[in-house]
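The values are calculated or read from the model by the stated rules, or taken from the named source; none is laboratory data. Here the structure is a predicted model, which means the values were calculated and not measured. Methodologically, a virtual Cβ is constructed for each residue, glycine included, from the backbone with ideal geometry; neighbour enumeration extends over all protein chains shown.
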Amino acid sequence: MKVTVVGCGPSGLCAIKNCISEGFEVVAFEQTSEIGGEWNSNLEIGPNVHSKIYEGLLTNFPKEMMEFSDFSYDENVTDSFLTPDKVQNYFLKYTEKFDLRKHIKFNHKVINVQPISDNQWEIIVEDLKNDEYKTITCDKVFICIGISAPWIPKIEGLNDFEGKIIHSRDYRSTKMFENKKVLLMGSGVSALDMVIEIDKVAEKVIWINNFRQTHGAQIKLELSDKTIDKSSTVKRFTKSGAEFEDGTFEEFEIIALATGYDFTFPFLSVDSGISVYDKLVQQLYKQIINANRPSMAIIGLPLFSITMPLFELQIKFCLQYWSGRKNFPSKDEMLKVIQKDIKVLKIDENVHKAQCLGLASDEIYYNDLAQTAEIKPLKPVFIKMCNFQVKNSSKNYRNFRDYEFKILNDFEFSIECLTKEK
Ligand SMILES: Cc1cc2nc3c(=O)[nH]c(=O)nc-3n(C[C@H](O)[C@H](O)[C@H](O)COP(=O)(O)OP(=O)(O)OC[C@H]3O[C@@H](n4cnc5c(N)ncnc54)[C@H](O)[C@@H]3O)c2cc1C
(Lines give C-alpha, C1' and ligand atoms only; values in the text may rest on other atoms or scores of the structure.)
Protein backbone atom coordinates (compact mmCIF):
# COMPACT_ATOMS: atom_id res chain seq x y z
CA MET A 1 0.00 0.00 0.00
CA LYS A 2 1.42 3.39 -1.01
CA VAL A 3 0.35 6.35 1.09
CA THR A 4 1.00 10.04 0.44
CA VAL A 5 0.96 12.44 3.38
CA VAL A 6 0.50 16.12 2.53
CA GLY A 7 2.03 18.37 5.21
CA CYS A 8 4.44 17.55 8.03
CA GLY A 9 3.08 19.47 10.99
CA PRO A 10 2.02 17.46 14.05
CA SER A 11 -0.83 15.63 12.28
CA GLY A 12 1.32 14.72 9.24
CA LEU A 13 4.10 13.37 11.47
CA CYS A 14 1.62 11.25 13.40
CA ALA A 15 0.17 9.97 10.10
CA ILE A 16 3.63 8.97 8.82
CA LYS A 17 4.50 7.20 12.06
CA ASN A 18 1.28 5.21 12.19
CA CYS A 19 1.39 4.30 8.49
CA ILE A 20 4.90 2.92 8.96
CA SER A 21 3.62 0.84 11.90
CA GLU A 22 1.04 -0.64 9.52
CA GLY A 23 3.82 -1.61 7.13
CA PHE A 24 2.68 0.88 4.47
CA GLU A 25 5.04 2.62 2.08
CA VAL A 26 4.91 6.35 2.89
CA VAL A 27 6.02 9.48 1.08
CA ALA A 28 5.32 12.79 2.79
CA PHE A 29 5.59 16.24 1.23
CA GLU A 30 6.32 19.39 3.21
CA GLN A 31 6.43 22.77 1.49
CA THR A 32 8.76 24.36 4.08
CA SER A 33 12.27 23.17 4.92
CA GLU A 34 11.44 21.69 8.35
CA ILE A 35 8.84 19.64 10.21
CA GLY A 36 6.53 21.12 12.87
CA GLY A 37 3.94 23.11 10.88
CA GLU A 38 2.57 25.86 13.10
CA TRP A 39 5.39 25.24 15.63
CA ASN A 40 8.16 25.63 13.08
CA SER A 41 8.25 29.38 13.59
CA ASN A 42 10.83 32.08 13.08
CA LEU A 43 8.29 34.91 13.26
CA GLU A 44 8.62 35.67 9.55
CA ILE A 45 5.71 36.56 7.30
CA GLY A 46 5.39 35.93 3.59
CA PRO A 47 3.81 33.83 0.87
CA ASN A 48 5.67 30.60 1.74
CA VAL A 49 5.47 31.01 5.51
CA HIS A 50 2.99 28.68 7.17
CA SER A 51 3.37 29.41 10.90
CA LYS A 52 1.21 32.10 12.47
CA ILE A 53 2.87 32.06 15.88
CA TYR A 54 3.51 35.52 17.36
CA GLU A 55 5.98 37.04 19.82
CA GLY A 56 5.26 36.16 23.44
CA LEU A 57 2.91 33.28 22.61
CA LEU A 58 2.50 30.56 25.20
CA THR A 59 0.43 27.47 24.44
CA ASN A 60 -3.23 27.72 25.39
CA PHE A 61 -3.40 24.05 26.34
CA PRO A 62 -1.02 22.40 28.81
CA LYS A 63 1.66 20.22 27.21
CA GLU A 64 0.06 17.21 28.94
CA MET A 65 -2.73 17.53 26.34
CA MET A 66 -0.40 18.24 23.43
CA GLU A 67 1.46 14.97 23.07
CA PHE A 68 0.95 11.67 21.27
CA SER A 69 0.34 8.49 23.28
CA ASP A 70 3.64 6.89 22.24
CA PHE A 71 5.98 9.79 23.07
CA SER A 72 6.23 12.20 26.00
CA TYR A 73 7.85 15.58 26.53
CA ASP A 74 11.33 15.43 28.08
CA GLU A 75 11.30 15.19 31.87
CA ASN A 76 13.23 18.45 32.07
CA VAL A 77 10.32 20.33 30.44
CA THR A 78 8.45 20.96 33.65
CA ASP A 79 6.13 23.88 32.75
CA SER A 80 2.69 22.99 31.46
CA PHE A 81 2.28 26.02 29.17
CA LEU A 82 5.16 26.23 26.76
CA THR A 83 6.89 28.61 24.42
CA PRO A 84 6.66 27.51 20.75
CA ASP A 85 10.33 26.43 20.59
CA LYS A 86 9.72 23.82 23.30
CA VAL A 87 6.73 22.43 21.40
CA GLN A 88 8.81 22.35 18.21
CA ASN A 89 11.58 20.56 20.09
CA TYR A 90 9.06 17.85 21.06
CA PHE A 91 8.18 17.30 17.40
CA LEU A 92 11.85 17.27 16.35
CA LYS A 93 12.49 14.54 18.93
CA TYR A 94 9.38 12.62 17.87
CA THR A 95 10.64 12.74 14.27
CA GLU A 96 14.06 11.51 15.35
CA LYS A 97 12.76 8.75 17.63
CA PHE A 98 10.61 7.18 14.91
CA ASP A 99 13.10 7.95 12.11
CA LEU A 100 10.49 9.84 10.10
CA ARG A 101 12.78 12.20 8.17
CA LYS A 102 13.70 9.62 5.53
CA HIS A 103 10.04 9.56 4.43
CA ILE A 104 9.76 13.34 4.03
CA LYS A 105 10.50 15.44 0.97
CA PHE A 106 11.07 18.98 2.21
CA ASN A 107 10.57 22.09 0.05
CA HIS A 108 8.02 20.12 -1.93
CA LYS A 109 4.61 21.70 -2.31
CA VAL A 110 1.67 19.54 -3.38
CA ILE A 111 -0.13 21.43 -6.13
CA ASN A 112 -2.55 18.86 -7.56
CA VAL A 113 -4.26 15.76 -6.17
CA GLN A 114 -6.52 13.98 -8.59
CA PRO A 115 -8.19 10.55 -8.65
CA ILE A 116 -7.10 8.40 -11.60
CA SER A 117 -9.25 5.41 -10.71
CA ASP A 118 -11.51 4.39 -7.83
CA ASN A 119 -8.55 3.58 -5.62
CA GLN A 120 -5.64 5.50 -7.06
CA TRP A 121 -4.48 9.07 -6.88
CA GLU A 122 -2.10 11.11 -8.95
CA ILE A 123 -0.15 13.76 -7.05
CA ILE A 124 1.73 16.61 -8.69
CA VAL A 125 4.38 18.22 -6.54
CA GLU A 126 6.43 21.35 -7.05
CA ASP A 127 10.05 21.01 -5.98
CA LEU A 128 10.48 24.58 -4.76
CA LYS A 129 14.27 24.52 -4.58
CA ASN A 130 14.90 23.10 -8.03
CA ASP A 131 11.88 24.65 -9.74
CA GLU A 132 10.75 21.26 -11.05
CA TYR A 133 7.45 19.40 -11.10
CA LYS A 134 7.13 15.71 -10.21
CA THR A 135 4.21 13.34 -10.56
CA ILE A 136 3.64 10.28 -8.40
CA THR A 137 0.75 7.87 -7.91
CA CYS A 138 -0.46 6.31 -4.68
CA ASP A 139 -3.32 4.30 -3.14
CA LYS A 140 -4.22 6.53 -0.19
CA VAL A 141 -3.87 10.20 0.72
CA PHE A 142 -3.70 11.80 4.16
CA ILE A 143 -4.25 15.56 4.02
CA CYS A 144 -2.62 17.19 7.05
CA ILE A 145 -2.23 20.83 6.08
CA GLY A 146 -3.72 22.74 9.04
CA ILE A 147 -5.20 26.14 8.28
CA SER A 148 -3.74 29.04 6.34
CA ALA A 149 -6.33 31.08 4.43
CA PRO A 150 -7.54 34.08 6.45
CA TRP A 151 -11.29 34.55 6.70
CA ILE A 152 -12.11 38.19 5.98
CA PRO A 153 -15.59 39.45 6.90
CA LYS A 154 -17.62 40.98 4.08
CA ILE A 155 -18.33 44.44 5.44
CA GLU A 156 -19.23 47.40 3.27
CA GLY A 157 -16.39 49.83 2.66
CA LEU A 158 -13.50 47.62 3.82
CA ASN A 159 -11.74 48.25 0.50
CA ASP A 160 -12.21 52.02 0.85
CA PHE A 161 -10.32 52.16 4.16
CA GLU A 162 -7.10 54.09 3.55
CA GLY A 163 -5.17 52.95 6.63
CA LYS A 164 -3.45 49.58 7.16
CA ILE A 165 -5.35 46.29 7.34
CA ILE A 166 -3.71 43.26 8.92
CA HIS A 167 -5.06 39.77 9.56
CA SER A 168 -3.85 37.88 12.65
CA ARG A 169 -2.16 35.43 10.24
CA ASP A 170 0.48 38.14 9.73
CA TYR A 171 0.59 39.46 13.31
CA ARG A 172 4.00 38.84 14.89
CA SER A 173 4.51 41.71 17.34
CA THR A 174 2.95 44.97 18.52
CA LYS A 175 5.51 47.17 16.78
CA MET A 176 3.17 48.43 14.03
CA PHE A 177 0.53 49.41 16.63
CA GLU A 178 2.76 51.71 18.71
CA ASN A 179 0.97 55.03 19.32
CA LYS A 180 -1.69 54.20 16.72
CA LYS A 181 -5.48 54.15 16.82
CA VAL A 182 -6.51 50.56 16.17
CA LEU A 183 -9.74 48.72 15.49
CA LEU A 184 -9.43 45.05 16.52
CA MET A 185 -12.08 42.55 15.50
CA GLY A 186 -12.30 39.10 17.01
CA SER A 187 -12.82 37.16 20.21
CA GLY A 188 -10.84 33.93 19.80
CA VAL A 189 -7.56 33.15 21.53
CA SER A 190 -5.43 35.19 19.09
CA ALA A 191 -7.72 38.22 19.51
CA LEU A 192 -7.50 37.96 23.29
CA ASP A 193 -3.70 37.68 23.21
CA MET A 194 -3.51 40.56 20.73
CA VAL A 195 -5.76 42.96 22.62
CA ILE A 196 -3.79 42.48 25.85
CA GLU A 197 -0.52 43.34 24.06
CA ILE A 198 -1.81 46.09 21.73
CA ASP A 199 -3.53 47.79 24.69
CA LYS A 200 -0.04 48.32 26.18
CA VAL A 201 1.37 50.26 23.20
CA ALA A 202 -1.44 51.77 21.13
CA GLU A 203 -2.92 55.24 21.53
CA LYS A 204 -6.44 53.80 21.40
CA VAL A 205 -7.98 50.37 20.74
CA ILE A 206 -11.59 49.83 19.68
CA TRP A 207 -12.20 46.13 20.28
CA ILE A 208 -15.16 44.43 18.61
CA ASN A 209 -15.39 41.49 20.93
CA ASN A 210 -18.78 40.10 20.01
CA PHE A 211 -17.81 39.29 16.47
CA ARG A 212 -17.93 35.50 16.65
CA GLN A 213 -19.51 33.16 19.10
CA THR A 214 -16.26 31.68 20.33
CA HIS A 215 -15.80 31.28 24.04
CA GLY A 216 -13.75 34.47 24.04
CA ALA A 217 -16.91 36.50 23.51
CA GLN A 218 -17.86 35.96 27.14
CA ILE A 219 -14.42 36.73 28.51
CA LYS A 220 -13.93 40.06 30.22
CA LEU A 221 -10.41 41.39 30.40
CA GLU A 222 -9.13 44.16 32.58
CA LEU A 223 -7.68 46.53 30.01
CA SER A 224 -6.50 50.12 30.26
CA ASP A 225 -8.81 53.09 29.62
CA LYS A 226 -7.30 53.34 26.13
CA THR A 227 -9.23 50.25 25.05
CA ILE A 228 -12.95 50.43 24.37
CA ASP A 229 -14.70 47.05 24.50
CA LYS A 230 -17.28 47.84 21.82
CA SER A 231 -20.43 45.79 21.89
CA SER A 232 -21.76 47.18 18.59
CA THR A 233 -20.71 45.81 15.20
CA VAL A 234 -19.38 47.76 12.22
CA LYS A 235 -22.08 48.91 9.81
CA ARG A 236 -19.68 50.25 7.20
CA PHE A 237 -16.07 51.28 6.92
CA THR A 238 -15.09 54.68 5.58
CA LYS A 239 -11.72 56.01 4.36
CA SER A 240 -10.65 56.83 7.92
CA GLY A 241 -12.81 54.80 10.28
CA ALA A 242 -16.17 53.11 10.69
CA GLU A 243 -19.81 53.71 11.38
CA PHE A 244 -21.28 51.32 13.93
CA GLU A 245 -24.72 49.75 14.16
CA ASP A 246 -25.40 51.78 17.33
CA GLY A 247 -25.02 55.02 15.31
CA THR A 248 -21.57 55.96 16.66
CA PHE A 249 -18.53 56.74 14.50
CA GLU A 250 -14.87 56.05 15.28
CA GLU A 251 -11.66 57.01 13.47
CA PHE A 252 -8.60 54.72 13.46
CA GLU A 253 -5.40 54.06 11.49
CA ILE A 254 -5.16 50.25 11.53
CA ILE A 255 -7.74 47.49 11.25
CA ALA A 256 -6.58 44.23 12.85
CA LEU A 257 -8.73 41.26 11.85
CA ALA A 258 -8.49 38.29 14.20
CA THR A 259 -11.44 36.80 12.37
CA GLY A 260 -10.30 33.23 11.92
CA TYR A 261 -9.55 31.06 8.93
CA ASP A 262 -11.23 29.43 5.98
CA PHE A 263 -10.62 25.83 5.02
CA THR A 264 -9.07 25.64 1.56
CA PHE A 265 -7.57 22.74 -0.34
CA PRO A 266 -6.27 24.52 -3.45
CA PHE A 267 -4.59 21.35 -4.76
CA LEU A 268 -7.71 19.15 -4.85
CA SER A 269 -9.15 18.52 -8.32
CA VAL A 270 -12.87 19.15 -8.87
CA ASP A 271 -13.48 15.38 -9.05
CA SER A 272 -11.71 14.74 -5.71
CA GLY A 273 -15.09 14.44 -3.96
CA ILE A 274 -14.37 17.24 -1.47
CA SER A 275 -16.00 20.65 -1.51
CA VAL A 276 -15.96 23.55 0.92
CA TYR A 277 -18.92 25.83 1.30
CA ASP A 278 -19.37 28.46 3.99
CA LYS A 279 -16.52 26.99 6.05
CA LEU A 280 -17.96 23.48 6.06
CA VAL A 281 -15.87 20.76 4.42
CA GLN A 282 -18.11 18.17 2.78
CA GLN A 283 -18.69 15.17 2.44
CA LEU A 284 -16.62 13.80 5.27
CA TYR A 285 -17.56 10.63 7.10
CA LYS A 286 -16.86 11.28 10.79
CA GLN A 287 -15.21 14.56 9.70
CA ILE A 288 -12.26 12.51 8.41
CA ILE A 289 -12.97 10.23 5.45
CA ASN A 290 -13.87 11.51 1.98
CA ALA A 291 -17.23 9.71 1.61
CA ASN A 292 -17.06 9.99 -2.18
CA ARG A 293 -13.55 8.50 -2.31
CA PRO A 294 -12.70 6.79 0.99
CA SER A 295 -9.04 6.42 0.04
CA MET A 296 -8.59 10.05 1.11
CA ALA A 297 -8.70 11.40 4.67
CA ILE A 298 -8.39 14.91 6.11
CA ILE A 299 -6.92 15.15 9.60
CA GLY A 300 -7.39 17.88 12.19
CA LEU A 301 -10.44 19.76 10.95
CA PRO A 302 -12.45 20.07 14.16
CA LEU A 303 -11.50 23.43 15.62
CA PHE A 304 -11.49 24.35 19.32
CA SER A 305 -10.72 20.78 20.36
CA ILE A 306 -7.89 18.80 21.89
CA THR A 307 -5.20 18.72 19.22
CA MET A 308 -2.56 15.95 19.26
CA PRO A 309 -4.62 13.20 20.97
CA LEU A 310 -7.47 13.91 18.54
CA PHE A 311 -5.17 13.79 15.47
CA GLU A 312 -3.89 10.42 16.67
CA LEU A 313 -7.41 9.13 17.24
CA GLN A 314 -8.52 10.29 13.77
CA ILE A 315 -5.48 8.68 12.10
CA LYS A 316 -6.00 5.38 13.93
CA PHE A 317 -9.70 5.51 13.02
CA CYS A 318 -8.78 5.80 9.37
CA LEU A 319 -6.13 3.08 9.48
CA GLN A 320 -8.61 0.55 10.88
CA TYR A 321 -10.33 0.75 7.48
CA TRP A 322 -7.33 1.23 5.18
CA SER A 323 -5.61 -1.77 6.77
CA GLY A 324 -8.65 -3.94 5.97
CA ARG A 325 -9.39 -4.72 9.62
CA LYS A 326 -12.77 -3.05 9.10
CA ASN A 327 -14.89 -2.26 6.05
CA PHE A 328 -16.31 1.17 5.33
CA PRO A 329 -20.10 1.44 5.22
CA SER A 330 -21.50 2.03 1.70
CA LYS A 331 -21.40 5.58 0.34
CA ASP A 332 -25.15 5.99 0.96
CA GLU A 333 -24.77 4.90 4.56
CA MET A 334 -21.84 7.27 5.06
CA LEU A 335 -23.87 10.18 3.65
CA LYS A 336 -26.72 9.35 6.03
CA VAL A 337 -24.31 9.27 8.97
CA ILE A 338 -22.93 12.66 7.91
CA GLN A 339 -26.41 14.21 7.93
CA LYS A 340 -27.15 12.72 11.33
CA ASP A 341 -23.80 13.81 12.80
CA ILE A 342 -24.32 17.36 11.60
CA LYS A 343 -27.44 17.46 13.79
CA VAL A 344 -26.01 15.57 16.77
CA LEU A 345 -22.76 17.53 16.80
CA LYS A 346 -24.63 20.76 15.97
CA ILE A 347 -22.00 21.51 13.35
CA ASP A 348 -24.35 23.68 11.29
CA GLU A 349 -25.43 25.79 14.27
CA ASN A 350 -22.04 27.39 14.58
CA VAL A 351 -21.58 30.82 13.16
CA HIS A 352 -20.28 30.56 9.58
CA LYS A 353 -20.65 26.76 9.79
CA ALA A 354 -17.05 26.44 10.94
CA GLN A 355 -16.00 22.82 11.25
CA CYS A 356 -16.00 23.06 14.98
CA LEU A 357 -17.80 20.67 17.22
CA GLY A 358 -18.88 23.05 19.90
CA LEU A 359 -17.37 22.19 23.22
CA ALA A 360 -20.35 20.18 24.45
CA SER A 361 -20.12 17.78 21.50
CA ASP A 362 -16.38 17.05 21.70
CA GLU A 363 -16.79 14.10 24.01
CA ILE A 364 -19.60 12.58 21.92
CA TYR A 365 -17.36 12.83 18.85
CA TYR A 366 -14.25 11.31 20.43
CA ASN A 367 -16.17 8.37 21.91
CA ASP A 368 -18.06 7.80 18.67
CA LEU A 369 -14.81 7.54 16.70
CA ALA A 370 -13.43 4.94 19.09
CA GLN A 371 -16.64 2.90 19.19
CA THR A 372 -17.21 2.99 15.43
CA ALA A 373 -13.69 1.89 14.53
CA GLU A 374 -13.26 -0.34 17.61
CA ILE A 375 -10.11 1.39 18.76
CA LYS A 376 -8.87 2.60 22.14
CA PRO A 377 -10.88 5.67 23.21
CA LEU A 378 -9.34 8.94 24.25
CA LYS A 379 -8.47 8.92 27.94
CA PRO A 380 -11.29 10.60 29.90
CA VAL A 381 -8.69 12.70 31.70
CA PHE A 382 -8.07 14.70 28.48
CA ILE A 383 -11.72 15.68 28.28
CA LYS A 384 -11.75 16.65 31.95
CA MET A 385 -8.61 18.74 31.50
CA CYS A 386 -10.00 20.39 28.40
CA ASN A 387 -13.22 21.36 30.18
CA PHE A 388 -11.26 22.70 33.14
CA GLN A 389 -9.01 24.63 30.82
CA VAL A 390 -11.84 26.29 28.92
CA LYS A 391 -13.63 27.30 32.14
CA ASN A 392 -10.45 28.52 33.77
CA SER A 393 -9.41 30.62 30.77
CA SER A 394 -12.91 32.14 30.60
CA LYS A 395 -12.74 33.00 34.29
CA ASN A 396 -9.33 34.60 34.18
CA TYR A 397 -7.72 34.85 30.77
CA ARG A 398 -4.68 36.78 31.98
CA ASN A 399 -3.65 34.13 34.51
CA PHE A 400 -4.93 30.79 33.21
CA ARG A 401 -1.43 29.75 32.15
CA ASP A 402 -0.08 30.12 35.71
CA TYR A 403 -0.82 26.48 36.49
CA GLU A 404 1.10 23.22 36.42
CA PHE A 405 -0.87 20.13 35.45
CA LYS A 406 -0.09 16.51 36.26
CA ILE A 407 -1.93 13.55 34.82
CA LEU A 408 -2.43 11.12 37.72
CA ASN A 409 -4.13 8.31 35.82
CA ASP A 410 -6.50 7.84 32.86
CA PHE A 411 -9.28 9.65 34.75
CA GLU A 412 -7.71 12.20 37.07
CA PHE A 413 -5.31 15.11 36.99
CA SER A 414 -3.95 17.50 39.57
CA ILE A 415 -3.19 21.19 39.24
CA GLU A 416 -1.01 23.55 41.12
CA CYS A 417 -1.38 27.30 40.84
CA LEU A 418 2.06 28.88 40.42
CA THR A 419 0.96 32.37 41.43
CA LYS A 420 -1.36 33.68 44.10
CA GLU A 421 -4.84 32.39 43.10
CA LYS A 422 -7.09 35.17 41.80
C1 LIG B 1 -1.45 31.23 16.68
C2 LIG B 1 -1.76 29.79 16.96
C3 LIG B 1 -1.62 29.28 18.23
C4 LIG B 1 -1.93 27.94 18.50
N5 LIG B 1 -1.79 27.47 19.78
C6 LIG B 1 -2.06 26.17 20.04
C7 LIG B 1 -1.87 25.63 21.37
O8 LIG B 1 -1.50 26.33 22.28
N9 LIG B 1 -2.12 24.33 21.58
C10 LIG B 1 -2.53 23.49 20.56
O11 LIG B 1 -2.70 22.31 20.82
N12 LIG B 1 -2.73 23.98 19.32
C13 LIG B 1 -2.51 25.29 19.03
N14 LIG B 1 -2.68 25.77 17.77
C15 LIG B 1 -3.23 24.87 16.75
C16 LIG B 1 -2.14 24.25 15.87
O17 LIG B 1 -2.57 24.51 14.59
C18 LIG B 1 -1.98 22.78 16.18
O19 LIG B 1 -1.29 22.66 17.42
C20 LIG B 1 -1.16 21.99 15.17
O21 LIG B 1 -0.02 22.68 14.76
C22 LIG B 1 -1.98 21.57 13.96
O23 LIG B 1 -1.24 20.58 13.31
P24 LIG B 1 -1.40 20.21 11.78
O25 LIG B 1 -0.31 19.28 11.47
O26 LIG B 1 -2.80 19.73 11.55
O27 LIG B 1 -1.27 21.56 10.98
P28 LIG B 1 -0.04 22.58 10.92
O29 LIG B 1 0.72 22.60 12.17
O30 LIG B 1 -0.66 23.84 10.46
O31 LIG B 1 0.91 21.97 9.78
C32 LIG B 1 0.51 21.87 8.44
C33 LIG B 1 1.75 21.64 7.57
O34 LIG B 1 1.32 21.40 6.22
C35 LIG B 1 2.20 22.05 5.32
N36 LIG B 1 1.50 22.28 4.05
C37 LIG B 1 0.37 23.02 3.84
N38 LIG B 1 0.01 22.97 2.54
C39 LIG B 1 0.93 22.17 1.91
C40 LIG B 1 1.09 21.74 0.56
N41 LIG B 1 0.24 22.11 -0.40
N42 LIG B 1 2.15 20.94 0.26
C43 LIG B 1 3.03 20.56 1.22
N44 LIG B 1 2.93 20.95 2.52
C45 LIG B 1 1.87 21.73 2.85
C46 LIG B 1 2.55 23.35 6.07
O47 LIG B 1 3.73 23.95 5.58
C48 LIG B 1 2.69 22.84 7.51
O49 LIG B 1 4.01 22.42 7.78
C50 LIG B 1 -2.38 27.10 17.46
C51 LIG B 1 -2.53 27.62 16.18
C52 LIG B 1 -2.22 28.95 15.92
C53 LIG B 1 -2.40 29.48 14.52
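I need the full set of residues from segment 146-156 which are closer than 28 Å to GLY46 by Cβ, part of a loop (DSSP other than H, G, I, E, B) and touching a strand residue (DSSP E or B) at 6+ places or on another chain (Cβ under 6 Å), in order please.
Quick first cut of segment 146-156, residues closer than 28 Å to GLY46 by Cβ only: 146-155.
Subsequent filtering for residues that are part of a loop (DSSP other than H, G, I, E, B) retains 146-148, 151-155.
If the condition is that a residue be closer than 28 Å to GLY46 by Cβ, part of a loop (DSSP other than H, G, I, E, B) and touching a strand residue (DSSP E or B) at 6+ places or on another chain (Cβ under 6 Å), then ILE147, TRP151, ILE155 are the ones that fit.
Please verify whether segment 56-63 includes one or more residues that are closer than 18 Å to TYR94 by Cβ and within 6 Å of the ligand (Cβ to nearest atom). Write out each step before concluding.
Pass one, segment 56-63, residues closer than 18 Å to TYR94 by Cβ: 59, 61-63.
With within 6 Å of the ligand (Cβ to nearest atom) added as a condition, the list becomes 59, 61.
Yes, the conditions are met somewhere in segment 56-63.
Working only within segment 108-125, note down all residues that are within 11 Å of the ligand (Cβ to nearest atom) and either assigned to a loop (DSSP other than H, G, I, E, B) or hydrophobic (A, V, I, L, M, F, W, C) (or both).
Of everything in segment 108-125, those that are within 11 Å of the ligand (Cβ to nearest atom) and either assigned to a loop (DSSP other than H, G, I, E, B) or hydrophobic (A, V, I, L, M, F, W, C) (or both) turn out to be VAL110, ILE111, VAL113, ILE123, ILE124, VAL125.
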Check whether at least one residue in segment 83-91 is more than 24 Å from SER394 (Cα to Cα), under 18 Å from the mean Cα position of the chain (by Cα), polar (S, T, N, Q) and not in a loop (DSSP other than H, G, I, E, B), and report yes or no. yes
Take ASN40 and tell me if it is more than 22 Å from LYS17 (Cα to Cα) and within 13 Å of the ligand (Cβ to nearest atom). no
Before we move on, is MET296 in contact with a strand residue (DSSP E or B) (Cβ under 6 Å, 6 or more places away or on another chain) and either closer than 30 Å to TYR73 by Cβ or buried (at least 20 other Cβ atoms within 10 Å of the Cβ) (or both)? yes
Condition met for CYS356 (within 15 Å of the ligand (Cβ to nearest atom), at pLDDT below 85 and out of contact with any helix residue (DSSP H, G or I) (no Cβ under 6 Å at 6 or more places or on another chain)): yes
If you scan segment 19-47, which residues turn out to be under 26 Å from THR137 (Cβ atoms) and buried (at least 23 other Cβ atoms within 10 Å of the Cβ)? CYS19, VAL26, ALA28, PHE29, GLU30, ILE35, GLY37
Which pairs turn up if I take residues in segment 148-164 that are more than 15 Å from GLU250 (Cα to Cα) and look for partners that are surrounded by 13 or more Cβ atoms within 10 Å (Cβ to Cβ) and among the β-branched types (Val, Ile, Thr) with beta carbon separation below 6 Å, at least 6 apart in sequence or on another chain? ALA149/THR264; TRP151/THR259; PRO153/THR259; ILE155/VAL234; LYS164/ILE254
Within segment 398-422, of all residues that are outside any strand (DSSP E or B) and in contact with a strand residue (DSSP E or B) (Cβ under 8 Å, 6 or more places away or on another chain), the one modelled with the highest pLDDT is LEU408
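For LYS200, indicate whether it is over 22 Å from the mean Cα position of the chain (by Cα), more than 13 Å from the ligand (Cβ to nearest atom) and in a loop (DSSP other than H, G, I, E, B). Give the derivation first.
Values: over 22 Å from the mean Cα position of the chain (by Cα): yes; more than 13 Å from the ligand (Cβ to nearest atom): yes; in a loop (DSSP other than H, G, I, E, B): no.
When the stated conditions are applied, LYS200 does not pass them.
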Out of everything in segment 215-250 that is among the small types (Gly, Ala, Ser) and surrounded by fewer than 18 Cβ atoms within 10 Å (Cβ to Cβ), what residue ends up being modelled with the highest pLDDT? SER240
All positions within segment 251-271 that are modelled with pLDDT under 95 and assigned to a strand (DSSP E or B): TYR261, ASP262
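Can you spot a residue in segment 70-78 that is in contact with an Asp or Glu (Cβ under 8 Å, 6 or more places away or on another chain) and either outside any helix (DSSP H, G or I) or free of Cβ contacts under 8 Å to residues at least 60 places away in the same chain (or both)?
Applying the first criterion (in contact with an Asp or Glu (Cβ under 8 Å, 6 or more places away or on another chain)) to segment 70-78 yields 73, 78.
Imposing the further condition that a residue be either outside any helix (DSSP H, G or I) or free of Cβ contacts under 8 Å to residues at least 60 places away in the same chain (or both) reduces the set to 73, 78.
Checking segment 70-78: at least one residue is in contact with an Asp or Glu (Cβ under 8 Å, 6 or more places away or on another chain) and either outside any helix (DSSP H, G or I) or free of Cβ contacts under 8 Å to residues at least 60 places away in the same chain (or both).
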Within segment 1-34, tally of residues that are β-branched (Val, Ile, Thr), outside any helix (DSSP H, G or I) and more than 7 Å from the ligand (Cβ to nearest atom): 5
The conditions are (1) of a type in the set (Phe, Trp, Tyr); (2) over 24 Å from SER117 (Cβ atoms); (3) buried (at least 19 other Cβ atoms within 10 Å of the Cβ), and TYR277 fails exactly one of them. Which is it? (3)
Output yes when any residue across segment 263-279 is over 30 Å from PHE382 (Cβ atoms), away from the ligand (no atom under 16 Å from the Cβ) and among the polar types (S, T, N, Q), and no when none is. yes
Per the filter on segment 126-145, residues surrounded by fewer than 13 Cβ atoms within 10 Å (Cβ to Cβ), outside any strand (DSSP E or B) and not charged (D, E, K, R) are ASN130
For ILE306, only one of the following conditions fails: (1) out of contact with any strand residue (DSSP E or B) (no Cβ under 6 Å at 6 or more places or on another chain); (2) within 27 Å of PHE161 (Cα to Cα). What is its number? (2)
Against the definition (out of contact with any Ser or Thr (no Cβ under 7 Å at 6 or more places or on another chain), modelled with pLDDT of 95 or more and either within 10 Å of the ligand (Cβ to nearest atom) or within 30 Å of ARG169 (Cα to Cα) (or both)), how does LEU128 come out, yes or no? yes
